[in-house]
Amino acid sequence: MRKLTLATLALFALSACTKDEVVDSETASTAACESEVVTATAPEDLTVSDDPSGDISCLDAWLPACPNSTAETATTIKFRDFRSGEPVGSSATLNGSNLALSSGDGSATLATCSPVELTVSDEAGFVNRYPDAVPALGELRVEVVASSTNANNYGQVGQAIKGDAATIYGTVVDCAGRGISGVQIHMVEGGAPFYDREAFPSPSAESTDRSGRFYIMNARAGSSTVQAWISDGSGGHTLLGRTRFQGGGDEVVHLTIQSGGVDDYVLPESCLE
C-alpha cells in the first residue's frame, strides 16, 4: 500500500502570469513563475481511506503552470449542455463584457493559455459562471448546467435549493489532467459536498469516482476555500490540492482542482511544454 509520510502536504503554487507579458503574435514569451509553500491541517471529519486512482507524482514535483506562449489568438468559445452536449446559451459575458452568441458559440481574441472569466445565462436568466476558464489553442469549450438539471441533481441527494446560495460543479484532476477517484472535498466556510456514482450525484458516496466530479450544494455566498484530500495510506490524510470560491446566490460556479495545485488555474495539455 502506498504510504505518504507527511500528515500535511507542502504544495508549490505557481503564480498566474500576467497579461503585461503579452507580446506580438509571432513572439513567444515564457513566463517566470515563483513558487510558494502551502500547508494545511486535515479536517477532523474526513473519512476516505481508499487509495486514489490516477497519477499523483506531481505532489513531489510541481507541474508547469505558466503558458508556453502569451501570444494572442482568435478563439471560438463553445457553450454546451452538461448532459446532452447540445449548444446552449441566450447571453454571455467575457471578463465582464457582453459576448455575442450564435447557436451557443462566441468568438474573441484571447491571450493564449491565459485564464478568463465567463458567464452564460439561459432565457430565464439562470447563470453559469466560470471564474478561471483557460482556452486551449483556438478553442474554449465549457459545460453549461440547465436550471432543470440543477434541480434534478438536488433532488437526487435529497436537498432543497436555497435562493441565496450557489452550487459548485467541480472536478478534481490528476497530474495528467484526468479525473481522479478517492478524493474527499472540504469547503472551509461550509457547504455540503456530494460525489458522482454512475454519472449522477449520490446521497451516500463519500469520495469521488474516476470522473473526479464533485458538487457542493447550497454553497454560502461570499468567499471560501475548497480543499481536496486523499488518504495517506496510514490512517491519515494528505492535501491533494485546493482552489478558491467566490460566489453569490442562485448560480452555478464551475471549478477545477489540480493535483498539486494551490489557488491556481488549470491549463489544457496543449498549453504545456
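Take peptides 237-248, 191-202, 218-229 and line them up by average Cβ neighbours within 10 Å, highest first, as a rough protection proxy.
Numbers: 237-248: 21.4, 191-202: 17.2, 218-229: 19.7.
Top of the packing list down: 237-248, 218-229, 191-202.
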Self-check item: Charged-residue dipole, Cβ positions (Lys, Arg, Asp, Glu), the range 47-266 about Cα centre, Debye nearest 20
Solution: 180 debye
Quiz item: Which FRET efficiency, nearest 0.05, do residue 151 and residue 49 yield, Cβ-Cβ r, R0 51 Å?
Solution: 0.95
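Would you please report the Å³ per residue occupied by the convex hull of the alpha carbon atoms in the range 47-266? Don't jump to the answer; show the numbers that get you there.
Working: hull volume 25.2 nm³, N = 220.
Roughly 115 Å³ of hull volume per residue.
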Self-check item: Stretchable slack from residue 122 to residue 109, in nm (0.36 nm times residue separation minus alpha-carbon distance)
Solution: 2.3 nm
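Taking N as the number of residues in the range 53-175, what value does Rg over Cα atoms divided by 2.2 N^0.38 Å take? Show your work: numbers first, answer last.
Values: Rg = 16.5 Å, N = 123, 2.2 N^0.38 = 13.7 Å.
Dividing the Cα radius of gyration by 2.2 N^0.38 Å gives 1.20.
Rule-based calculations on the coordinates, nothing more; no lab input. Computed from a prediction, not measured in an experiment: that's the story for all the values here. Reconstructed Cβ throughout: ideal geometry from the backbone, glycine too, with neighbour counts over all protein chains shown.
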